[in-house]
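The values are calculated or read from the model by the stated rules, or taken from the named source; none is laboratory data. Remember, predicted model here, so these are calculated numbers, not experimental data. Here the Cβ positions follow ideal geometry from the backbone for every residue, glycine too, while neighbour counts run over all protein chains shown. In case anyone asks, the SASA skips ligands and DNA or RNA and just uses the protein heavy atoms, side chains included. Shrake-Rupley method; radii C 1.70, N 1.55, O 1.52, S 1.80 Å.
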Amino acid sequence: MNFYIRTNLMKQEPMRLGKSKLGSTGLKVSMLGLGGFHQCEVDSDTVGQVVERFIAIGGNYVETARSYGSGASETKLGQALKKHRRKLVLASKTVKRDAEGVWRELNETLEALQTDHLDLYFFHNVSMIEDANAIIAPGGALEAFMRAKAEGMVKHFAISSHWPVILPRLADIIPFEAVLIWGNYLDFCNYPEIPDEILPDLRKRDIGILFMKPLADGYLYRSVENAFRYSLRYSPDCIVSGFNSLKLLNADAAAVIKGPLNDTENESVLTNAPELGNYVCRQCPKCSVLAGRKARSLKALFELEGKYDRQMNDFQPVDSGTYALRQYLGKWFGNAQRAEALFADNSAEFMDIIEPAITHDSNNSFAPCRYGIDIPRKIQIIAAKLSGGQPAKL
Ligand code: SF4
């Protein structure tokens, strides 16, 4: 067989997405899911082509929200999906917290998606306990969810949050069987409690795990394969991605089919990822810079910066594309204010780390970071960011 024929056959090798059991729902979902947010940005023909290809390679999980394009995503997907409905696990979301609002939105959603039921319906962006309390209050969203379930319009409840820290508490308050949660190598450095505590807790409760933002809202666009394969190490039931072209779908699917990074590949990604560079703290299980309580404080301080702006602003010059992305993606969903408040409440804990860095009395204070982070400089930046200022001369 000559080289030309071999490469041609390789190109046509069929892709096939595996499936996974989604927690206690009994549903089987494809390892890659189609997220509806970015369908608003392309025309209906393109949505149709993406849907056909996705289903042809074994995709079955499709998720959108009433709020995406004020219903435009649901309308486009409804048109593209109607002949495939029986094969799909179809999901949508509502940000409404009252029963009347949910009921109205749910009926609009079903009509737009051209279906009589959703397999999963999400309490969307539940990021404060106040949201949860409103949902379970008399006349709250939960009443409409329960009615919808009793009438067969919704099969299972799910939840999404952009302050994932509170998910275990939410699981004690709201009945849900699946979670949509951030899953990527940048945000696992910013929210180490996701891999360390939240995912094991969700697994223990047999709650299905759907990862969102595998590319950190697009910030990891240079590292698609590594990003998906890193996320797979944490065994999500499905990675939901916003591909809205055949090219993006094929790249995402190829990465998922390749499977998780092994340990050597994983260390190589953590060492060489351009988005982490020599600035983002990897939250190593054993920090090489400090030991004991001080190491915990140092990592907690870096984690707070992660929650503040995802450790994106390192006060170094960058190209204009990177600058624009960082400006747009750094501060999401009010999390910066939550990080500032946490810093203000716990600043005493950090003082014996911050003081030597600020006074440049750091000669013997910090051992080298194994990823080359300039620790005193980073601490000065964080202290300024979290107290609402600018770092002095670095
Ligand atoms: S060694 Fe560096 S990257 Fe690792 S936890 Fe310590 S400061 Fe963070």
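One table, with the values for the structure above:
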{"item": "Set of aspartates and glutamates near Lys87 by C-alpha distance (under 16 Å), chain-local residues within fewer than 8 positions excluded", "result": "Glu52, Glu63, Asp116, Asp119"}
{"item": "The stretch 222-379 - charge dipole about Cα centre, Lys and Arg +1 at Cβ, Asp and Glu -1, debye rounded to 20", "result": "240 debye"}
{"item": "Exposure of Tyr221 as accessible area (Å², to 10), given a probe of 1.4 Å and all protein chains", "result": "130 Å²"}
{"item": "Spin-label pair Tyr328/Asp98, simplified geometry with 7 Å Cα→Cβ offset, distance in nm", "result": "3.5 nm"}
{"item": "The chain, helix-only ellipticity at 222 nm - DSSP H runs n ≥ 4, -39,500 (n - 2.57), divided by all residues, nearest 500", "result": "-14000 deg cm²/dmol"}
{"item": "The stretch 74-131 - convex hull of alpha carbons, volume per residue in Å³", "result": "76 Å³"}
{"item": "Spin-label model distance (nm) - Gln390 vs Glu193, 7 Å beyond Cα toward Cβ", "result": "3.3 nm"}
{"item": "Heavy atoms of Phe333 accessible to a 1.4 Å probe, total area in Å² rounded to 10", "result": "80 Å²"}
{"item": "Pairwise FRET efficiency - Val318 versus Met15, Cβ, R0 = 45 Å, nearest 0.05", "result": "0.80"}
{"item": "Pair-distance profile P(r), taking every C-alpha pair of the stretch 292-386, with 5 angstrom steps and integer %", "result": "2, 12, 23, 23, 19, 12, 6, 2, 0"}
{"item": "Reachable lysines from Lys294, criterion Cα separation under 16 angstrom, eight or more residues apart if same chain", "result": "Lys286, Lys378"}
{"item": "Proportion of all alpha-carbon pairs of the chain beyond 35 Å (%)", "result": "31 percent"}
{"item": "Point-charge dipole on Cβ atoms (K/R +1, D/E -1) for the chain, about Cα centre, debye to 20", "result": "1020 debye"}
{"item": "Selection from Cys189, Pro376, Ala339, by position along the positive dipole direction of the chain (Cβ)", "result": "Cys189"}
{"item": "Cα-Cα over 26 Å, subset of Lys93/Lys299; Lys213/Lys258; Lys83/Lys247; Lys76/Lys307", "result": "Lys93/Lys299; Lys76/Lys307"}
{"item": "Pairwise label distance in nanometres, Asn250 with Ser268, each label 7 Å out on the Cα-Cβ vector", "result": "2.4 nm"}
